[in-house]
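The values are calculated or read from the model by the stated rules, or taken from the named source; none is laboratory data. Fair warning: this is a prediction, and the values are worked out from it, not measured in the lab. A quick note on method: Cβ atoms are made from the backbone with ideal geometry, for glycine too, and the neighbour counts reach across all protein chains shown.
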Amino acid sequence: MTPIKRMEIVIDATHTPDLIDAIRAQGVAGYTVFRDVQGAGDRGVRRNDDPAGISGNCCVLIACEPGEMMKVVEAVRPLLETHGGMCLVSDAQWLKH
Amino acid sequence: MTPIKRMEIVIDATHTPDLIDAIRAQGVAGYTVFRDVQGAGDRGVRRNDDPAGISGNCCVLIACEPGEMMKVVEAVRPLLETHGGMCLVSDAQWLKH
Amino acid sequence: MTPIKRMEIVIDATHTPDLIDAIRAQGVAGYTVFRDVQGAGDRGVRRNDDPAGISGNCCVLIACEPGEMMKVVEAVRPLLETHGGMCLVSDAQWLKH
Amino acid sequence: MNPQLILDNVLSPPILFFMLGAMATLLRSDLEIPASIARFLSLYLLFAIGLHGGHELSHSTLTSQTVLVLLVAMGTSAIIPLWSFFILKIRLPVADAAAIAATYGSVSAVTFITAVSFLNAMDISFGGHMVAAMALMESPAIVVGILLARTFDKRSTSDRLSLKELGRESVLNSAVFLLLGSLVIGLLTGDDGWDTVKPFVHAPFKGVLCLFLLDMGLIAAKRLRDLRSTGVTLIVFAIVAAVVHAMLGIGVARLLGTSPGDALLLAVLVGSASYIAVPAAMRLSIPQANPSLYLPMSLGVTFPFNIIVGIPLYYAIIQAVWKTT
Amino acid sequence: MNPQLILDNVLSPPILFFMLGAMATLLRSDLEIPASIARFLSLYLLFAIGLHGGHELSHSTLTSQTVLVLLVAMGTSAIIPLWSFFILKIRLPVADAAAIAATYGSVSAVTFITAVSFLNAMDISFGGHMVAAMALMESPAIVVGILLARTFDKRSTSDRLSLKELGRESVLNSAVFLLLGSLVIGLLTGDDGWDTVKPFVHAPFKGVLCLFLLDMGLIAAKRLRDLRSTGVTLIVFAIVAAVVHAMLGIGVARLLGTSPGDALLLAVLVGSASYIAVPAAMRLSIPQANPSLYLPMSLGVTFPFNIIVGIPLYYAIIQAVWKTT
Amino acid sequence: MNPQLILDNVLSPPILFFMLGAMATLLRSDLEIPASIARFLSLYLLFAIGLHGGHELSHSTLTSQTVLVLLVAMGTSAIIPLWSFFILKIRLPVADAAAIAATYGSVSAVTFITAVSFLNAMDISFGGHMVAAMALMESPAIVVGILLARTFDKRSTSDRLSLKELGRESVLNSAVFLLLGSLVIGLLTGDDGWDTVKPFVHAPFKGVLCLFLLDMGLIAAKRLRDLRSTGVTLIVFAIVAAVVHAMLGIGVARLLGTSPGDALLLAVLVGSASYIAVPAAMRLSIPQANPSLYLPMSLGVTFPFNIIVGIPLYYAIIQAVWKTT
Ligand SMILES: Nc1ncnc2c1ncn2[C@@H]1O[C@H](COP(=O)(O)O)[C@@H](O)[C@H]1O
Ligand SMILES: Nc1ncnc2c1ncn2[C@@H]1O[C@H](COP(=O)(O)O)[C@@H](O)[C@H]1O
Ligand SMILES: Nc1ncnc2c1ncn2[C@@H]1O[C@H](COP(=O)(O)O)[C@@H](O)[C@H]1O
Ligand code: NA
Ligand code: NA
Ligand code: NA
């Protein structure tokens, strides 16, 4: 097992494709997406219930090399600034298989 | 990035509104809810498959200030005592944006 | 609160039952399953969109005793070797209730 | 009793799909209906039954017999939990006994529908007010169940429980609310309303029921498996309660002098157990009660028993009784 | 004005289900339609409206009046955002003003359908080209809204926005794309195509609409609650805009000499606000705009106002005007 | 060959919706059908096809020709994987070759339905036993594919694989199980059963098919994009296999002396590739095989080729052959 950075980003469902483009542009090829996530934060309650599909969130989980972490964070930051959301980073071990 | 406590609580879908009321009452305004989660624990397998909707779980993710953490935990505890479920707490960094 | 190992495993939806059998065989009775998860990794993009249901992932969250961790990891490893996926392990505190 | 009746009943698509679903579980097929679809199918059924019942009601005149049937139906829903509770309390904790009792006081809408199909297939008429009877039988059982739990074990009910909450659980419960709401809308909009919704709620109804029962078969077989570990007593209760309560329903119907069709529907209402509205209400208001007892009993035992064996059995009895007297 | 019209309109199943949904939210019932189902119901409605409209179009001849109506419809969709923007900008940031303006320039397909049902129920005829008018009114408002935001506040629009993007947001937006696509398919396949899809898109349409409106009632009541905290000005705007724009629609219809049926539909198109296509486009292209303003205004205020009060009110006015002259 | 045939086929709503979906992907629209809905639509189609086929079967008499057609159909499903495997093995690892081979031995239910629509639109009759042929063609290919993988590369198949497992994968696979189960129920309940489910499974079928194909168009275009990176050889295989196998089907039909309608259906069965049942089974039992080869080939190439070009092409050939002799 090797040490790795575990990032989890909650963002507007509408802007998830932009987020994925941004992290892919940093060379990140592995990520996991949880759809239809609800929540609340600075911009109020997001119930994922409207027919336009703009009140839902996605949660994107990224395990990346400690060295890559900061550039991913910097790629994500402008999106969160414009669209809201959150990004948490923690330490984990990656099972090599 | 600032240090933060990352709490994740798995609870009965039926009682998720109570959980959210309880954490809101502690001044927590930010949380993320994953719906239609299945699982198993002391109370057996929960397949999220019955028409009454009582066999599903929700997972609630809360990033809160380290100082707030204990009062949230105390607010959550009685719910878990009555209804089962689980609460994990870990350390993470929060991306300020 | 007691220290605990937090494992999260992303695997092919098709093979999730095998994964659960494998961890149950190690005496793990508690786990949480997130269905309909999308992602990308070594084996390409998994959009969870085909009618055969083979392009989706599941994410399984397991909180287990530090002592049990390695045997669970070893039980999981062969499945990840054959089917792909990922397994992260981190430290957390478990709220006793 | 006529075994042909059971066979005819079993050889209808809804029952066969239920059995197909159960087979899929037993043989470990990976067949699965997505959870959101299953929830939608059950919303559709409640919506359709409500509108249909409301429309039927808008045509039926309110006789004193009708009123009596409605009152008696509500009464049994309130009384059944009482004896069930005291019998179950011998073996089980208060919370579990109360929750199971409430489950058996209430009704299963899909069992009711299956009985309606059975009557339709045999060209036997029945009154439009029976849907109203069904809609009215959900709430009393919930209220009585909660009161029993609260009386015999204070800690078993949810803290926030007030009288206001009680009313809420029993009427605002999503299943009860949708059923009653659709019933009232069907009643208010009468024939004109019915004409606009009929192609959606009437013609495809049986087909949707087949898919829903396929899913119920899948689930029921899983629950039955879970239940085996809890011991056989509860399985026995789940069958005996169905038969005894159905006999009660038949007896009452005879006393009230209803038609055989209405008698079967009353038998099925009294003899069935809820697996949507009441379990949802119990989970909220008696959280101490173990849902892996009350749900599997009603879904995994009473429900299949009633739709496969119960309906033709009760009808055979009704035929015998109505003939002799 | 005839209060009977309002009452008749309210007593139709779709409106009653909308109110049942709103009641469920207000009384805190746990009734809920799964998100994926709600999205599917709205896809179904767009698919059905598109095919139906395409089929109607395939029968109607392209007169100069028809062309004029289509052009005027697109024109109002482009012009309404202009004045709305400058009025809203007095109180709101540029991004919010532009997004709300676009929302009101565009149309609500379900309001349109409800008006169609209203006309059908009263046996009043209308032209098949009105669905095309609706389909064409989504995009201009989106384009104008984005251009306004970009002109008055560069930072408010998404970086990647080019002219190509602009076209994309307004036409490839999922709701617009499905509606236009189905319309074209309906037009291309004519009567033969219609015969094969009709049993799916026509007969059950009203019933599906009831379920969709039940969900809209649930959501609208929640949004209205959210909106209260933002102050009453926007609620007032949401009602005044509906009425003023509808009057504009009626005036234009009168000038063009349309039938009363077409006039009502034009009034409803001009007077309604989008809650699917435009909000989705605004979220993408004007991310700075607060979605908890533009969505609740159109979904929680303008939409219920139009379907409950607006439609019969506009029609009463049309009757009066068309009679007098 | 008559280009009008292709055009007529393309101008039907199902094909146009498939193309609309593909266009949405190519133009990067955000149109999307929720995953649970797509899964439900495919369950509905299997359920409906099964019941319909069962009902047809209950009317057809079992002639020796019918039996022969069924046997031959199963035979081709078992034999096609053999040569496909050895051809594919030249370029691909054993696991991939075996999985693709199984995919092409089996059938695509939706291609079959599209061919049925084509025949209906042209008023050409065909035998009720062809649905049974389809249902019987899923399993042999799965069994042969697994055996090939296991024979030529022990490590490629799942450890737990026993003969019992083999039967299970091929028959208890959710798609096969639902199709066969519905077929048997349709057969058992005959006309009475059919009457009750018909309004749900028959009338709206074509409309649902349109929505399903819209989704398939969305997906197929994505897969085709993925496949381009793997090189053009597999794309060529996916088209050549369709045509060659369809010719085989036509040849066999001629030898058996079937009607032109049955010949087209046999051609389409033999020439199509599975994208539901077999991929699901391969993922489980040959986990080493890369699903981003076998799924995109059948879903992104063979399927669109068959429904757009193949069906009219095969029919033109059948017309020519049946005329000359
Ligand atoms: N403190 C938090 N803990 C967990 N999730 C959060 C938190 N703050 C925000 N979120 C998530 O991020 C989404 C957008 O947040 P915001 O932009 O602050 O409204 C919310 O809807 C939540 O799902
Ligand atoms: N050790 C565990 N690891 C992960 N999830 C758990 C664990 N224990 C319980 N859970 C989750 O919490 C739910 C309720 O647990 P319980 O009350 O123990 O039955 C389960 O259905 C699981 O989803
Ligand atoms: N670095 C990563 N971070 C997050 N999720 C990943 C990562 N790598 C793989 N995954 C997940 O695991 C699944 C299978 O991965 P793979 O076998 O590498 O294709 C992917 O579809 C993702 O959902
Ligand atoms: Na009962
Ligand atoms: Na408008
Ligand atoms: Na084939």
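For the range C:53-64, the condition holds for no residue, the condition being that it is more than 7 Å from every other protein chain (Cβ to nearest Cβ), surrounded by fewer than 20 Cβ atoms within 10 Å (Cβ to Cβ), within 16 Å of ligand 2 (Cβ to nearest atom) and not small (G, A, S). Within the range D:136-154, which residues are farther than 16 Å from D:P279 by Cα and touching a residue at least 12 places away in the same chain (Cβ under 8 Å)? Result: D:L136, D:F152, D:D153. In the set (1) surrounded by 18 or more Cβ atoms within 10 Å (Cβ to Cβ); (2) out of contact with any Phe, Trp or Tyr (no Cβ under 9 Å at 6 or more places or on another chain); (3) at the interface with another protein chain (Cβ under 7 Å from one of its Cβ atoms), the condition left unmet by C:G39 is number (2).
Among the residues of the range B:22-32, those identified as within 17 Å of A:G41 (Cβ to Cβ) and surrounded by fewer than 22 Cβ atoms within 10 Å (Cβ to Cβ) are B:R24, B:Q26, B:G27, B:V28, B:A29, B:G30. No other residue among E:I185, E:I219 is of a type in the set (A, V, I, L, M, F, W, C) and more than 21 Å from the chain's Cα centre (by Cα) apart from E:I185. Give me the residue from the range D:268-278 that is in a loop (DSSP other than H, G, I, E, B) and either within 16 Å of ligand 5 (Cβ to nearest atom) or of a type outside the set (S, T, Y) (or both) and, out of that set, modelled with the lowest pLDDT. Across the range D:268-278, the extreme among qualifying residues is D:I276. Residues in the range E:1-14 that are buried (at least 18 other Cβ atoms within 10 Å of the Cβ), assigned to a helix (DSSP H, G or I) and within 10 Å of chain D (Cβ to nearest Cβ): E:P13, E:P14. Applying the criterion of being of a type in the set (D, E, K, R) and touching a Cys at 6+ places or on another chain (Cβ under 9 Å) to the residues of the range A:17-70, the residue that is nearest to C:L61 (Cα to Cα) is A:R35.
Considering the conditions (1) out of contact with any Phe, Trp or Tyr (no Cβ under 6 Å at 6 or more places or on another chain); (2) buried (at least 20 other Cβ atoms within 10 Å of the Cβ), E:D262 is excluded by exactly one of them, (1). Of the residues in the range D:288-306, at least one is assigned to a helix (DSSP H, G or I) and touching a strand residue (DSSP E or B) at 6+ places or on another chain (Cβ under 6 Å). The residue list A:D49, A:D42 contains one member that is touching a helix residue (DSSP H, G or I) at 6+ places or on another chain (Cβ under 7 Å) and either within 16 Å of ligand 1 (Cβ to nearest atom) or under 23 Å from E:A277 (Cα atoms) (or both), which is A:D49.
Just one of the listed residues (C:E81, C:E8) is under 16 Å from the mean Cα position of the chain (by Cα) and modelled with pLDDT under 95, and it is C:E81. For the range D:106-138, the set of residues classified as more than 14 Å from chain F (Cβ to nearest Cβ) and either within 16 Å of ligand 2 (Cβ to nearest atom) or over 12 Å from the mean Cα position of the chain (by Cα) (or both) consists of D:I124, D:S125, D:F126, D:G127, D:G128, D:H129, D:M130, D:A132, listed by residue number. E:M216 meets the conditions (1) farther than 30 Å from F:P199 by Cα; (2) crowded, with 22+ Cβ neighbours inside 10 Å; (3) not aromatic (F, W, Y) in every case but one. The failed one is (1). Restricting attention to the range B:2-17, which residues are surrounded by fewer than 22 Cβ atoms within 10 Å (Cβ to Cβ), in contact with a Lys or Arg (Cβ under 8 Å, 6 or more places away or on another chain) and within 13 Å of chain D (Cβ to nearest Cβ)? B:A13, the sole residue that qualifies. The set of residues in the range C:70-96 being of a type in the set (A, V, I, L, M) and within 14 Å of chain B (Cβ to nearest Cβ) consists of C:L88, C:V89, C:A92, C:L95. For F:L213, the conditions (1) within 16 Å of the chain's Cα centre (by Cα); (2) more than 14 Å from chain E (Cβ to nearest Cβ) all hold with the exception of (2).
Looking only at the range F:33-51, how many residues end up being in contact with a strand residue (DSSP E or B) (Cβ under 9 Å, 6 or more places away or on another chain) and either more than 9 Å from chain E (Cβ to nearest Cβ) or not hydrophobic (A, V, I, L, M, F, W, C) (or both)? Final tally of qualifying residues: 2. Listed by position, the strands (runs of 3 or more DSSP E) enclosed by the range B:2-97 that each have at least 1 residues that are in contact with a Leu (Cβ under 8 Å, 6 or more places away or on another chain) and touching a residue at least 24 places away in the same chain (Cβ under 8 Å) are B:2-12, B:31-41, B:57-64, B:86-94.
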